1. To check my understanding: the extent here is largest minus smallest coordinate of the Cα atoms along each principal axis. What are those three numbers for the range 1-150, in Å, largest first?
2. Which order do peptides 139-150, 120-131 fall in by mean Cβ count within 10 Å, highest first?
3. When a/c is below 1.5 the answer is rounded, else prolate if a/b is larger than b/c, else oblate, so apply that to the range 112-209 with a ≥ b ≥ c taken from the square roots of the Cα gyration tensor eigenvalues.
4. Nearest 20 debye, what's the magnitude of the dipole of the chain about its Cα centre given +1 on Lys and Arg Cβ and -1 on Asp and Glu Cβ?
5. Starting from the Cα gyration tensor of the range 77-125, take the square roots of the eigenvalues, sort them a ≥ b ≥ c, and report rounded, prolate or oblate (rounded when a/c is under 1.5, otherwise prolate if a/b is larger than b/c, else oblate).
6. Scaled to the compact-protein estimate 2.2 N^0.38 Å, what is the alpha-carbon radius of gyration of the range 30-84, rounded to two decimal places?
7. Enter the Cα centre distance for the pair the range 130-151 and the range 23-84, rounded to the nearest angstrom.
Amino acid sequence: MTTTRGKFVVFEGLDGAGTSTQITRLRDWLVERGERVETSREPSDGPIGLLIRQALGHRLDIDPATLALLFAADRTDHLFNATDGVVRTLESGAWVLTDRYVLSSLAYQATTGLPPEWVAQINARAIEPDLTIFIDTPVDVCVARIDGRSSRDELFHKRDFLARTAAEYDRILTHSRLTGHLLRLPGDAPPDTVAAEITRGIEAWLAGK
Ligand code: TYD
């Protein structure tokens, strides 16, 4: 018997957009429907992801280009790691829901002033997801949510930076070939409403496949 490959679903949005809440909701919904589901995130929980989190928390001083290379390296490890990499998990038939992926690098690292073509080039090994869910939450709502967290002093948690990142996301979402099917929905509604819109969008996508 051949195993049907699982689906690779990526959540994207600004910091504070609400991606982690929605990943948990979607996982529960898929599990109820009998799917096997793994969740992951970038920066990953692997060695390179840990290094990146130190830089994001100002515990390591890393220049923007080096940080971009670390994000790209963390991504190949997250994808191709022989033990629990995304590709291996998909081949086992499970869905993978990932909090952030290559569009985060294209949006955030471009906002740090790096040439978008170079950021795309160092990410050339990133596979295309089946589905990208972009949670489109206004910058002011994101900033208010970040301000309410205990771990708010992160590298990119500044209003002006996030506003420019939002503009980058807008630009990329219209031409990137790295989204797969794209679901873009407003993120300032209550979590239940956003979750219901996501599952409606996924049902329509699956029905059309
Ligand atoms: P994340 O832990 O998702 O932050 P939050 O929980 O605040 O949304 O992501 C950490 C930060 O890393 C976030 O500011 C976005 C940034 N980032 C990049 O700059 N490039 C990347 O490729 C990725 C995956 C994340």
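1. 50, 32, 27
2. Packing order, densest peptide first, comes out as 120-131, 139-150.
3. Note, shape of the range 112-209 comes out oblate.
4. 280 debye
5. prolate
6. That works out to 1.40 for the range 30-84.
7. Going from one Cα centre to the other spans 18 Å.
Since every read-out is calculated from the coordinates, none of them should be taken as a lab result. Remember, predicted model here, so these are calculated numbers, not experimental data. Cβ: placed from backbone, ideal geometry, glycine included. Neighbour counts: every protein chain shown.
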